[in-house]
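Enquirer: Sharing a structure here in C-alpha cells format.
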Amino acid sequence: MAETHFDDWTATHMEVLWPELYEASAIDPAVAFLAALAGSGGALEFGIGTGRVAIPLRRAGTAVHGIELSAAMAGRLHTDAGALSIGVTVGDFATSRVEGRFRLVYLVRNTITNLTTQAEQVLCFRNAAEHLEPGGHFVIENYVPELRRLPPGETTHLFEVSPTHVGFETYDLARQIAVSTHHWIVDGQHRQFSSPHRYVWPSELDLMALMAGMVLVQRWADWDRTAFDGESRSHVSVWQKPPGGR
C-alpha cells in the first residue's frame, strides 16, 4: 500500500535538507531534456512534490500536471506563484488517473523507489503507458543500486557525512529494500528522517516497460546525456510508447 513519509515540516524544508537539488546545475539540464521530449505537448509528473522540476518546466512553456501522494508536498507547491497553472491530483502515482493523454510522463530523483514492491512498480509503468499519447515518452531518473560499495558481510552504505548531515542506507538484500536514514541539524535542532525504498536495476525497469508495451529508446548517466556505462551511479532512461499504439 502506498505510504508517504513527507510531512508538513519536510515539505517546508526541502531546500534546506537537499540544497544541491535546487541548484541551477541540477534543474536546468533536466528541464531542457524534458521540454525537448514534450515538444508542444503536455507533461505529467509522477511524484511532483513541491514542484522543483515542474515549475521551471512550466515556465519553459510546457503544460504540466502532477500526481502527488503527500498532501503536504502538494500544498507547498501551490504556494509558489509559478505553480498556479499546474494541476495536481493527490494520490498514488502507481494507480491514480487524470483526464487526458500526455506527450511526456516523467518521474525524477529516484522516486520510483518510493513504490516498495515490484507489483507497484509494474503498475506505475502501466499507468504511465495509459497516460501517454501514441509515440509519447516515459522518463525515469534513478540511481544505480550501490551494492558494489558494501564491504563483504556489511549491509550499510554511508553516503554523506558533514557537520549538519549524516546519511546512510541499510540494505535488506532478500527483500530488495534499502532504508534511507538522514540525521540533520536544522536551526540548532536534531531531525531524523527515514524511508524505505525498493531499489531496482535498469534492466528490471526495461522489463517493466516491455510488460507495459513500451521500449527503451535512450539511456544516459545524467541529464547532460553523459554516456551510461558500468561505472555510472545513476541513469536517465527513456521508454517510448509505439507511435501506432492506442
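Enquirer: Given the conditions (1) open to solvent by 80 Å² or more (accessible area, probe 1.4 Å); (2) out of contact with any Gly (no Cβ under 6 Å at 6 or more places or on another chain), and given that THR156 satisfies all but one, which numbered condition is not satisfied?
Expert: All conditions are met except number (1).
Enquirer: On to the next question. Assuming LEU69 fulfils every condition listed in (1) open to solvent by 20 Å² or more (accessible area, probe 1.4 Å); (2) in contact (Cβ under 8 Å) with a residue 24 or more places away in the chain; (3) under 21 Å from ARG101 (Cβ atoms); (4) of a type in the set (A, V, I, L, M, F, W, C) apart from one, which condition is it?
Expert: (3)
Enquirer: Out of all the residues in the stretch 75-82, is one or more among the hydrophobic types (A, V, I, L, M, F, W, C), modelled with pLDDT of 95 or more and open to solvent by less than 50 Å² (accessible area, probe 1.4 Å)?
Expert: Within the stretch 75-82 (the criterion being among the hydrophobic types (A, V, I, L, M, F, W, C), modelled with pLDDT of 95 or more and open to solvent by less than 50 Å² (accessible area, probe 1.4 Å)), the answer is no, since none of the residues qualifies.
Enquirer: I'm trying to understand the selection: among the residues of the stretch 100-140, which are within 13 Å of the chain's Cα centre (by Cα) and of a type outside the set (A, V, I, L, M, F, W, C)?
Expert: Result: TYR106, ARG109, ASN110, THR111, THR113, ASN114, GLN121.
Enquirer: Continuing with this model, one more query. Within the stretch 123-136, how many residues are surrounded by fewer than 24 Cβ atoms within 10 Å (Cβ to Cβ) and over 13 Å from GLY100 (Cα atoms)?
Expert: Qualifying residue count for the region: 3.
Enquirer: Still on this model: From the list GLU3, GLU45, which residue is at pLDDT 95 or above, of a type in the set (Asp, Glu) and closer than 19 Å to PHE125 by Cα?
Expert: Just one listed residue meets the conditions, GLU45.
Enquirer: I'd like the residue in the stretch 1-47 that is closer than 19 Å to HIS197 by Cα and among the β-branched types (Val, Ile, Thr) and, out of all such residues, is least open to solvent (accessible area, probe 1.4 Å).
Expert: Only one residue fits best here, namely THR10.
Enquirer: Among all residue pairs at least 6 apart or on different chains, which show Cβ distances below 8 Å where the first residue, located in the stretch 78-102, is without any contact (Cβ under 8 Å) to a residue 24 or more places away in the chain and the second is hydrophobic (A, V, I, L, M, F, W, C) and loosely packed, with under 13 Cβ neighbours inside 10 Å?
Expert: HIS78/LEU84
Enquirer: What residue, among those in the stretch 48-66 that are among the basic types (Lys, Arg) and crowded, with 18+ Cβ neighbours inside 10 Å, is nearest to VAL90 (Cα to Cα)?
Expert: Here the residue is ARG52.
Enquirer: If you don't mind, there's one more thing I want to ask. Free of Cβ contacts under 8 Å to residues at least 40 places away in the same chain and in contact with a Pro (Cβ under 6 Å, 6 or more places away or on another chain): which single residue out of VAL161, VAL179 fits that description?
Expert: Every option except VAL179 fails the conditions.
Enquirer: What is the residue count in the stretch 166-188 for residues that are charged (D, E, K, R) and in contact with a His (Cβ under 8 Å, 6 or more places away or on another chain)? If you could, list the steps in order and put the result at the bottom.
Expert: As a first pass, look at the stretch 166-188 and keep what is charged (D, E, K, R): 169, 172, 175, 187.
So of that shortlist, the ones also in contact with a His (Cβ under 8 Å, 6 or more places away or on another chain) come out as 169.
Adding up the residues that qualify gives 1.
Enquirer: Can you say whether ALA94 is open to solvent by less than 10 Å² (accessible area, probe 1.4 Å) and in contact with a Gly (Cβ under 6 Å, 6 or more places away or on another chain), as far as the supplied structure shows?
Expert: Working: open to solvent by less than 10 Å² (accessible area, probe 1.4 Å): yes; in contact with a Gly (Cβ under 6 Å, 6 or more places away or on another chain): no.
The answer is no for ALA94.
Enquirer: Taking the stretch 15-39 on its own, how many of its residues are without any contact (Cβ under 8 Å) to a residue 24 or more places away in the chain and under 21 Å from TRP239 (Cβ atoms)?
Expert: 1
Enquirer: Would a scan of the stretch 99-115 turn up a residue that is surrounded by fewer than 18 Cβ atoms within 10 Å (Cβ to Cβ) and touching a Gly at 6+ places or on another chain (Cβ under 8 Å)?
Expert: yes
Enquirer: When the stretch 182-211 is examined, which residues are found to be closer than 21 Å to GLU130 by Cα, touching a strand residue (DSSP E or B) at 6+ places or on another chain (Cβ under 8 Å) and hydrophobic (A, V, I, L, M, F, W, C)?
Expert: LEU205, ALA209
Enquirer: Tell me yes or no: at least one residue of the stretch 132-146 is farther than 24 Å from ALA174 by Cβ, in a helix (DSSP H, G or I) and touching a Ser or Thr at 6+ places or on another chain (Cβ under 6 Å).
Expert: Within the stretch 132-146, not a single residue is farther than 24 Å from ALA174 by Cβ, in a helix (DSSP H, G or I) and touching a Ser or Thr at 6+ places or on another chain (Cβ under 6 Å).
The values are calculated or read from the model by the stated rules, or taken from the named source; none is laboratory data. Everything numeric here is computed off the predicted structure, so don't read it as measured data. Please note: Cβ atoms are built from the backbone with ideal geometry, for glycine as well, and neighbour counts cover all protein chains shown. These area figures cover heavy atoms from the full protein model, side chains too; ligands, DNA and RNA do not enter into them. Shrake-Rupley method; radii C 1.70, N 1.55, O 1.52, S 1.80 Å.
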